[in-house]
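Trainee: Got a structure for you, questions after.
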Amino acid sequence: MFRFCSFASMFLLLAVLAVPATTSAQSWEDDIGLTMLQTMYPGADGTGMSMGQVEAPSNGAGTAFLPNPGSPEMAGKTINDMTGGGINSSHALTVASFFAGVNTGVAPGVTDLFCYEANNYLVTHLAFGGGNPFLTNFDVENHSWVGNGLTAGQATELLQRNDWRVNQTNVNVVVGTGNNGSTPQLMAPGYNVISVGKTNGTGATGDTTFYGSGRQKPELVGPTGPTSFATGVVSGCAAILRQEAVGTDGENNESIKAMLLAGSTKRAAWGWSRTPARPIDSVRGCGEVNVYNSYMMLLAGETDGGATMASAPTVPLYGYDYGESIDPSGALYYKLDVPYGAQDVNIALTWNIEVTDTNPAFPFVPATSLANFDMEILDSSGGSVDTSVSTVNNLEHFYLPHLSPGTYTLRITSDTNQDFGLAWRADPLDEIVADSYLVTRGTYSSGDTSDLADSDNQDLSVQRNNLDVISRVFVEFKTTAPTETPTNLDLTFESSVFARSTVVQSIDLYDYDLDEWVEIDSRNATRFSDSKFTVSASGDVSRFVQPGTSCVEARVRYQSLSNRQQFTANMDHIFWSIQ
């Protein structure tokens, strides 16, 4: 007889049953990149993917765990009661609607839902209490419930059984961490799962305390209020990726997880942080899921790493790799060219814990082994820029905001031959071009602000013709910042001068606190051919944004070092990146 048939009181729903009124559908769809994805790739909807849905019962009898098949959101769906005797649950319906709903789902193309009551799932599906775990062929499995009240040994065995099943079936298991408090015993502490919390940071968080202590949970967050629903959103994102990845290395669960982690976004207001030994933030993990970013990595394709720095392939700005092994005595290398600076670089590496059945006859007796991977990013001279070297997690992660232009090399090592998923994205600077310009010294020659929007040799040109003792040109540019309180402000400038000898080019920003211009860069202008560079404001950059109007002003100054020299300044591409 199974030992834990009366676990119902120990398993808690993650959230209230109502969708929070503070988050509109359109806003969360925009936040996770779904609106953009549906616009660009309307067929990316999870078609052909199957979903396993595990729910804690919402009634005392333990029978309410099924989405209502009569709901318009479930039209055309097949609801399979895998436990038996199930009745409708509003919580299960809302979760399924976020995952696969006809009108509100992330992946409305998913039509097959296989539904379990959580206690039954643990006893019969994972065979806790005796027997071998049951293998299924789901693509994605959603767990919008948590469990507590077990001994550490009991919880560990359940998690080991689930991690073993992930390795055997290649399913992506997406689990919630809870709406408040600390990380629960089930199912979030698993290694081979994707753990999900709340974007607003109020969900359950905290390091694991057993089955590998000190690992940060959650790994991702979602924007739809209660963790139950955020978990459904991430499951839908996983289904979309798996649909596109069929037949490629991208459909391995490690690859899908890496793309979801690397595709996530961070917000300045969060105070998001990581260290080499703790690769993700303690509250929001890698960040908020963004299915568009992850999908772009998948579409960019797989690039295999090189065995030496000299053989390292130059990877696209978005991409992934699924590696079957790394020689413990060597490494894998990937070269990344960052043009003109990047808004941020995100890299995620993940691998599964290995679970072995030490008693293949009967019953299942699990034993585990965990590889130790490390990541390091090197600059063009071979110097270390950053490391991610956790000894307890089964993921490593980089977030490198505003990385300077240059060529970088990613180096990955492992102590064991172990397959892994790696994904990366380097977002170019968001271009905020000038709204207007004003020549305050010099003579206007040709062009306007539209010629500053692209690097196309269509220039805004200003001449210095009159024969002053010192020849100078001043041009002011204005734009509107997206926020009055940015944490980063960069200006990218591409230009040249037509001159007989040296002309110094300086860039100022207007400081509204000091009520004066402040120089942020000065260098010799290139003659006859364009050069492009990015400069960053330092300190409290909000001082360069005018309160009330969000106006930002830049001024470029050209000054000849030769008396009475005439010259022409040609400005080709000028834009701000402000966040």
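The values are calculated or read from the model by the stated rules, or taken from the named source; none is laboratory data. What you see is a predicted model; the values in this text were computed from it and never measured. Because the Cβ atoms are built from the backbone with ideal geometry, glycine has one as well, and the counts that use them run over all protein chains shown. These accessible areas exclude ligands, DNA and RNA; they are computed on the full protein's heavy atoms, side chains included. Shrake-Rupley method; radii C 1.70, N 1.55, O 1.52, S 1.80 Å.
Trainee: What Kirkwood Rh does the chain have if only Cα atoms enter the pairwise 1/r average? Answer in Å.
Mentor: Values: mean 1/r = 0.0387 Å⁻¹.
After inverting the pairwise mean of 1/r, the radius is 25.8 Å.
Trainee: Please list, ordered by chain and number, the residues whose modelled amide H lies under 5 Å from the amide H of ILE353; skip anything fewer than 5 residues away on the same chain.
Mentor: ASN192
Trainee: Still on this structure: About the Cα centre, and with charges only on the beta carbon of Lys, Arg (+1) and Asp, Glu (-1), how big is the dipole of the stretch 409-525? Nearest 20 debye, please. Spell out each step's value before the answer.
Mentor: Values: 8 positive and 23 negative charges, 133 e Å.
The calculation lands at about 640 debye.
Trainee: Let me ask another. Around THR356, with a cut-off of 15 angstrom between Cβ atoms, what is the net charge of the other residues, counting Lys and Arg +1 and Asp and Glu -1? Kindly include the intermediate steps, with their values, before the conclusion.
Mentor: Working: positive: ARG161, ARG165; negative: GLU157, ASP163, GLU354, ASP357.
Charge balance in the 15 Å sphere: -2.
Trainee: To the nearest 20 Debye, how big is the dipole of the stretch 211-350 about its Cα centre, given +1 on the beta carbon of each Lys and Arg and -1 on that of each Asp and Glu?
Mentor: Values: 10 positive and 14 negative charges, 146 e Å.
It works out to roughly 700 debye.
Trainee: Over the Cα atoms of the stretch 202-269, how large are the radius of gyration and the largest Cα-Cα distance (Dmax), in Å?
Mentor: 13.9, 40
Trainee: Report, in whole Å, the centroid distance computed from the Cα atoms of the stretch 534-579 and the stretch 272-296.
Mentor: 33 Å
Trainee: Shifting gears a bit: Using alpha-carbon positions, what is the distance between the centroids of the stretch 375-444 and the stretch 105-177, in Å?
Mentor: 36 Å
Trainee: Which whole-number percent gives the relative contact order of the stretch 510-554, counting Cα pairs below 8 Å spaced six or more residues apart?
Mentor: Details: 27 pairs, mean separation 21.7, N = 45.
Contact order relative to length: 48 percent.
Trainee: For the stretch 319-403, which GluC sites (Glu not before Pro) are in a loop by DSSP, counting at most 14 other Cβ atoms within 10 Å?
Mentor: Numbers: sites: GLU324, GLU354, GLU376, GLU396; in loops: GLU324.
Here the GluC sites (Glu not before Pro) that fit, given the DSSP loop and packing criteria, are GLU324.
Trainee: Let me ask something else. If you roll a 1.4 angstrom probe over the protein chains with everything in place, what fraction of the accessible area of the chain belongs to carbon and sulfur, to the nearest %? All intermediate terms of the calculation are to be shown ahead of the outcome.
Mentor: Working: 10470 of 21140 Å².
Roughly 50 percent of what the probe reaches on the chain is carbon or sulfur.
Trainee: Any idea what the relative contact order of the chain is, in percent, if you count C-alpha pairs under 8 Å spaced at least 6 apart? Can you show the working numbers first?
Mentor: Values: 1596 pairs, mean separation 64.0, N = 579.
Contact order relative to length: 11 percent.
Trainee: Of GLU254, GLU484, GLU519, which has the most accessible area and how do the rest follow, probe 1.4 Å?
Mentor: Details: GLU254 10, GLU484 75, GLU519 105 Å².
Order by accessible area, largest first: GLU519, GLU484, GLU254.
Trainee: What fraction, in whole percent, of alpha-carbon pairs in the stretch 91-182 exceed 18 Å separation? Intermediate values should be presented prior to the final figure.
Mentor: On the way: 2118 of 4186 pairs.
Value for the stretch 91-182: 51 percent of Cα pairs lie more than 18 Å apart.
Trainee: Would you list ASP540, ASP419 from the most to the least accessible area, probe 1.4 Å?
Mentor: Details: ASP540 95, ASP419 35 Å².
Largest accessible area first, the list is ASP540, ASP419.
Trainee: Would you mind getting the accessible area per residue of the chain, heavy atoms of the protein chains only, 1.4 Å probe, in Å²? Intermediate values should be presented prior to the final figure.
Mentor: Working: 21140 Å² over 579 residues.
Accessible area per residue: 37 Å².
Trainee: Can you give the net charge of the other residues whose Cβ lies under 13 Å from the Cβ of ARG557, counting K and R as +1 and D and E as -1?
Mentor: Working: positive: ARG441, ARG464, ARG472, ARG523, ARG555; negative: GLU476, ASP508, GLU519, ASP521.
Local charge sum for ARG557: +1.
Trainee: Moving on to the next point. Mind checking the dipole of the chain: about its Cα centre, +1 per Lys or Arg Cβ, -1 per Asp or Glu Cβ, Debye to the nearest 20? Could the numbers behind the result be given before it?
Mentor: Values: 29 positive and 62 negative charges, 144 e Å.
Computed about the Cα centre, the dipole is about 700 debye.
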